Every structure is written in structure tokens, then in C-alpha cells.
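Accompanying notes for the structure given below.
Throughout, read-outs are computed from the coordinates displayed, never taken from laboratory work. On a predicted model such as this, the values are computed, not experimentally measured, just so you know. Reconstructed Cβ throughout: ideal geometry from the backbone, glycine too, with neighbour counts over all protein chains shown.
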Amino acid sequence: KIINDINKIKTGGTTNISSALITAYEHINEMKSNNSINRRTEIIFMTDGEQNEGITDSDKLIDLSVKLNNKCNDCSIHTLGFGEDVQDIMLNNISISNGGQYEFVLDSDKIPTAYGNCLGAALSVVYQKLEMKLSLHNKKIGNINTKDVLKPNKGYNFEQVNEFSVIRIDNIYNGFKK
């Protein structure tokens, strides 16, 4: 089914990242519900353009990717951006927010290396689903509020739960820093 869907893709002058992400997660969730996949799933998302169809706001796309990923058990998104029109910051934040890695490729001869880096990161997960609960008195360190320092979409998810500051990190890869 996936190969048939891929063969239906037509190139054109538009980039619809939201539709691509939704379609990818629909396929993954369908395969997981049919027990066709029963292991960790890595999405390697590649684009050569600026999103100009579907959801075009970068923050909304990042939020969509996190929402879709939260519904998927054990998934990560790695992104590869090709060319000068690609939105580096948005693609990097999609990857970081979903336990993946971002690679920028300006020259087509570097595509295999970038793809290999993402694949290597997917295969070198050291920790998964790490959760830390910090008990910080008054939720401040000196005059700095933990909410000002610990913000979501920076490689981890953060929330205040009663007296605890809870930090969740999907994946920690060998050799990468978060």
C-alpha cells in the first residue's frame, strides 16, 4: 500500500508538509494496529521547499508533528532539508521535538551522507522515554523561574506537575547532546 501511495506522488511547485506528516502517521498507525509493525518506528522526512500548502505556519506545523507523534507509540521524526528554500529552523524543531535529528543538504552529492547520519542516529538510541522529576522549592532557582529555562520544543518536553518539574526526553542518541 505504501509503495502504491508513493508511486501516486506527483512533483509540482507546492510543498505540503502537514499532509505528508499526517499521511506518514496514518500509515504507521494502520500498520501498528494490524501488528505489521511491533517495534520502534523512525520517520525520515525529506523536503526541498518552503511549506506553501496546507498548514504553512511553522509553529503550527511543529505542534502538529508533536500531536501526531504523541499518538504514535515509539516513533521519531528525522528531517532532511535540501536547497536554499528550505526552512532550517522549523525542520530542526520538528526533529528535536520528536526525538529525531535534522540534516541540511545544499549539494545533492551530500544526500547519502545526510541520510546515513539520520539512519545512524535512529540506530544508535541509548535511552528512550527518559523522564526526570525535579522537586524544586517554589519552582525557582535564585530569582530564575524553572518555566523560563525549561521550555518544550527544545529537545525535550517540560511540564509543571504539582510540586515537580517533569522533563521528558524521547530519545538520547550516542554522541548527541540535548
Please list, in chain and number order, the residues 5+ apart from Thr41 or on another chain whose amide H is under 5 Å from its amide H, with Hs placed from the backbone. Cys75, Ser76
May I ask you to order 97-103, 13-19 by the average number of other C-beta atoms within 10 Å around their residues, highest value first? 97-103, 13-19
Using θ = phi - 60° and the Karplus relation 6.51 cos²θ - 1.76 cosθ + 1.60, list the HN-Hα couplings for the range 69-83 in order, rounded to whole Hz, with x at every Gly or Pro. 5, 5, 7, 9, 6, 6, 10, 9, 10, 9, 10, 10, x, 10, x
If we sort 80-91, 105-116 on the protection proxy, mean other Cβ atoms within 10 Å, highest first, what's the order? 80-91, 105-116
Within the range 37-63, backbone nitrogen closer than 17 Å to the virtual label 7 Å beyond the Cα of Ile111 toward Cβ: 44-50
Calculate the FRET efficiency for Gln160 and Asp59 from the Cβ-Cβ distance with a Förster distance of 25 Å, rounded to the nearest 0.05. 0.75
